[in-house]
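The values are calculated or read from the model by the stated rules, or taken from the named source; none is laboratory data. These figures come from a predicted structure and were not determined experimentally. Glycine gets a Cβ as well: all are built from the backbone with ideal geometry, and neighbour counts include every protein chain shown.
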Amino acid sequence: MSSTSTPRIAAIQMNSRGEVDTNLARAHDLLADAARRGVQLAVLPENFALMGAHQTDKLGVAEPDGANGADTPIQTFLSEAAREHGLWIVAGTIPLASPEPDRVYAACLVYDNAGERVARYDKIHLFDVGLPDSSESYRESATFVAGETTPVLVDSPFGRIGLTVCYDLRFPELYRALSAAGADMIVAPSAFTNTTGRAHWHVLTRARALENLTALIAPNQAGHHASGRHTYGHSLIIDAWGQVQAEAESEANEVVVCDIDLTRQSELRAGFPCLSHRRLG
């Protein structure tokens, strides 16, 4: 197994469907595969537990925060999977109840290898857009509540992890704040559309990594879903120099694995100290 200075990371790509039980079973198999390959930290994609036929489907499976048991099957699954496989898991996003009955939080939860939850980040930037030259449009704010704007990081045996989700990639100020707070790596679990993915996925992910000299782990949804939505796939692990170290090759469920050399990353930052050369902000 890799050391804490070169942790083995997995970006888990999924083609999530409209049934939570089916998606959790698939996630279990993918996490088991990651563990067999010596992975220490596995990152699931956005909406890994449900990509429903309708935006409102997530309201029916939203869970109260923090409890384990029959009323929280997704959170219970994550805790048990982390403990069973000895993995740290960044759990993409799941729908957690908000004070508003018709909207939920898109919550990114982090579990340690003992199955204890150690962080929660609620997606800040909501995807309310119409795509140029396309009939596609999305309005996440109809069913999601935006999270607080405070950046969220979690300390782990393999460095400090900054948490972001999907559309956050278009807001470099969040990534700069995470970098300034000491992020050694940043995760971006996503469900990028095929349209925006073809145009911008590689550009955005590589830019966020290299401008902050920080490794980026970006698992994505892939293929066609119950709503008819088509997501881009190409889940990525990118190093601090902005170079793609591993990439999914299909539009299917896939485990992308890479060792991240944090010692080299520290040396890179010392020799190319652009972060300390900032004059604005």
- Out of Ser179, Ser235, Ser227, report the one residue that is under 18 Å from the mean Cα position of the chain (by Cα), surrounded by fewer than 24 Cβ atoms within 10 Å (Cβ to Cβ) and not charged (D, E, K, R). Ser179
- Among the residues of region 96-125, which ones are within 19 Å of Pro189 (Cβ to Cβ), hydrophobic (A, V, I, L, M, F, W, C) and over 15 Å from the mean Cα position of the chain (by Cα)? Leu96, Val104, Val118
- Query: Out of region 54-91, which residues are within 19 Å of Ala226 (Cα to Cα) and surrounded by 14 or more Cβ atoms within 10 Å (Cβ to Cβ)?
  - Reply: Gln55, Asp57, Lys58, Leu59, Val61, Ala62
- Checked against (1) within 19 Å of Arg198 (Cβ to Cβ); (2) of a type in the set (Gly, Ala, Ser); (3) crowded, with 24+ Cβ neighbours inside 10 Å, Ala215 satisfies every condition except (1)
- Note on the structure: If we keep only residues of region 27-52 that are more than 16 Å from the chain's Cα centre (by Cα) and under 20 Å from Ala107 (Cα atoms), then the residue modelled with the lowest pLDDT is Gly52
- Message: Restricting to region 246-275, name every residue that is polar (S, T, N, Q), surrounded by fewer than 18 Cβ atoms within 10 Å (Cβ to Cβ) and within 22 Å of the chain's Cα centre (by Cα).
- Response: Ser250
- Note on the structure: Filtering region 141-161 for residues that are assigned to a strand (DSSP E or B), farther than 20 Å from Ile260 by Cβ and of a type in the set (Gly, Ala, Ser) leaves a count of 0
- Subset of region 99-140 [assigned to a loop (DSSP other than H, G, I, E, B), under 21 Å from Ser227 (Cβ atoms) and touching a strand residue (DSSP E or B) at 6+ places or on another chain (Cβ under 8 Å)]: Arg103, Lys123, Leu126, Phe127, Leu131, Glu136
- Task: Mind listing whichever residues of region 108-154 are among the aromatic types (Phe, Trp, Tyr) and more than 18 Å from Ala218 (Cβ to Cβ)?
- Result: Tyr111, Tyr138, Phe144
- Query: Failed condition for Gln221, given (1) at pLDDT below 95; (2) within 15 Å of the chain's Cα centre (by Cα), with all others met?
  - Reply: (1)
- Give region 56-98 a look and list any residue that's closer than 16 Å to Lys123 by Cα and assigned to a loop (DSSP other than H, G, I, E, B), or say none. Ala62, Asp65, Gly92, Thr93, Ser98
- Given the conditions (1) under 22 Å from Thr6 (Cα atoms); (2) touching a strand residue (DSSP E or B) at 6+ places or on another chain (Cβ under 7 Å), and given that Trp241 satisfies all but one, which numbered condition is not satisfied? (2)
- Message: Restricting to region 22-61, and then to whatever is among the hydrophobic types (A, V, I, L, M, F, W, C) and in contact with a Ser or Thr (Cβ under 8 Å, 6 or more places away or on another chain), can you tell me which residue is farthest from Gly159 (Cα to Cα)?
- Response: Ala53
- Could we say that Gly197 is under 17 Å from the mean Cα position of the chain (by Cα) and not acidic (Asp, Glu) here? yes
- Message: Just to be sure I understand, how many residues within region 13-52 are in a loop (DSSP other than H, G, I, E, B) and surrounded by fewer than 14 Cβ atoms within 10 Å (Cβ to Cβ)?
- Response: 2
- Note on the structure: In region 162-174, anything part of a loop (DSSP other than H, G, I, E, B) and more than 18 Å from Thr93 (Cα to Cα) is listed as Phe171
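So that you can scan it fast, the table gives a plain yes or no per residue for (1) within 18 Å of His125 (Cβ to Cβ); (2) in contact with a Gly (Cβ under 7 Å, 6 or more places away or on another chain); (3) without any contact (Cβ under 8 Å) to a residue 40 or more places away in the chain:
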{"position": "Thr196", "(1), (2), (3)": "yes, no, no"}
{"position": "His200", "(1), (2), (3)": "yes, no, yes"}
{"position": "Thr205", "(1), (2), (3)": "yes, no, yes"}
{"position": "Thr214", "(1), (2), (3)": "no, no, no"}
{"position": "Ile217", "(1), (2), (3)": "no, no, no"}
